[in-house]
Structures are given as structure tokens and as C-alpha cells.
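The values are calculated or read from the model by the stated rules, or taken from the named source; none is laboratory data. What you see is a predicted model, and the numbers here were worked out from it, not measured in a lab. Here the Cβ positions follow ideal geometry from the backbone for every residue, glycine too, while neighbour counts run over all protein chains shown.
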Amino acid sequence: MRRSEACSLSWSDVDIPSGVVNVHRNKNKKARSVFIGVKTRRALLRYRRSISPEDNDALFQTQTGTRLTPSGFRQVLRRISEKSGIPFSAHDLRRTFATLSLKAGMNVLHLQSLLGHSSLEMTRRYVQMMKDDLVEAHKAHGPIDSFNIAG
């Protein structure tokens, strides 16, 4: 999901048993469903016990119980990034999800739907990024080009 989409979620948008998350407020003005796995659902259940868990309450809340804003979400991620020593943003996480999904064999049309892209061209940019990564990896580690023959 995009950062703004995650911030607009309420508990009623998440079906914990099935893992279906209904995204209503998104960039393309088209509702879509995304899915969360078992580990994420367990984490959400633990989180829910520590906050206001009513169905119409915001899924991601501040310490005072108000809806977390996209800029607040950015600040939370920035703090996590600084503490971990790993630089990343919300968009980096989204791009990583897309890239790892493609590398694991996900159909590009399924990924397009999950990412909420209105065109396949936008999703193709993620595919191209993956190809660029592979080209660089091959340049650095390809066995034939890095094999030295003393002669």
C-alpha cells in the first residue's frame, strides 16, 4: 500500500481471519483489496490490544488515539531507519515488496492489482528495476567474465 492508503485504513477495513484489507481511499480513486499474511495478522492483533480497537477507529493511531497522518507515518519510519542504521522510506518498502514478489514468481498482472497501478506500464518499471539489478549482479559476479586465465 501507499503511505496515504495505510493511514486512511480503519479496523473495519481489515478482515483478520482472511487477511483481506480493503483499500478505499487511494490514488486512483478505485477501491481494491490487498492481503496480509499470518505474521502480519498476528502483529496487528498484538497491536490492537494496546490501542483503541473499535471498528471505525483508525488502524494506525498516534499515542493520543488520533489517526496517524502520512507525514507522521514518515516520521515513524525515519526514526526506525535511524535506529536500525538502514536507510529506507515507505516507498522503499513498497518497491521492495514488488521486487521480491516478482523475484518469487508473482504474475505481473497480480502485482499490478495489488499495487493499485492503473496501468501495466507503471508495474513494468518495477520489472525493469529487477532486470537492472540482475545485470549489475552478473557484471560483478558472472563466472565467465570474472575467470582469469594466466597466459
Failed item, numbered, when Asp55 is tested on (1) surrounded by fewer than 11 Cβ atoms within 10 Å (Cβ to Cβ); (2) of a type in the set (D, E, K, R); (3) modelled with pLDDT under 95; (4) farther than 27 Å from Trp11 by Cβ: (4)
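So if I check each of Arg32, Arg78, which one is touching a strand residue (DSSP E or B) at 6+ places or on another chain (Cβ under 7 Å) and under 29 Å from Arg124 (Cα atoms)?
Arg32
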Selection within the stretch 100-144 - under 19 Å from Arg2 (Cβ atoms) and exposed (fewer than 10 other Cβ atoms within 10 Å of the Cβ): Ser119, Glu121
Those residues of the stretch 26-52 which are within 16 Å of the chain's Cα centre (by Cα), surrounded by 13 or more Cβ atoms within 10 Å (Cβ to Cβ) and not hydroxyl-bearing (Ser, Thr, Tyr) amount to Asn26, Arg32, Val34, Ile36, Arg41, Leu44
Suppose we filter Thr123, Thr96 for residues that are in contact with a Phe, Trp or Tyr (Cβ under 9 Å, 6 or more places away or on another chain), under 22 Å from Phe35 (Cα atoms) and not assigned by TED's automatic domain parsing to the domain that holds Gly72; which single one remains? Thr96
Within the stretch 45-70, residues being in contact with a helix residue (DSSP H, G or I) (Cβ under 9 Å, 6 or more places away or on another chain), without any contact (Cβ under 8 Å) to a residue 60 or more places away in the chain and not in a loop (DSSP other than H, G, I, E, B) number 2
Please specify each residue of the stretch 58-71 satisfying the condition of being more than 27 Å from Leu111 (Cα to Cα) and loosely packed, with under 15 Cβ neighbours inside 10 Å. Thr62, Gln63, Thr64, Gly65, Thr66
Sort out which residues of the stretch 5-25 are surrounded by 15 or more Cβ atoms within 10 Å (Cβ to Cβ) and either closer than 24 Å to Arg74 by Cβ or among the basic types (Lys, Arg) (or both), and write them in order of number. Glu5, Ala6, Cys7, Ser8, Leu9, Ser10, Trp11, Asp13, Val14, Val21, Val23
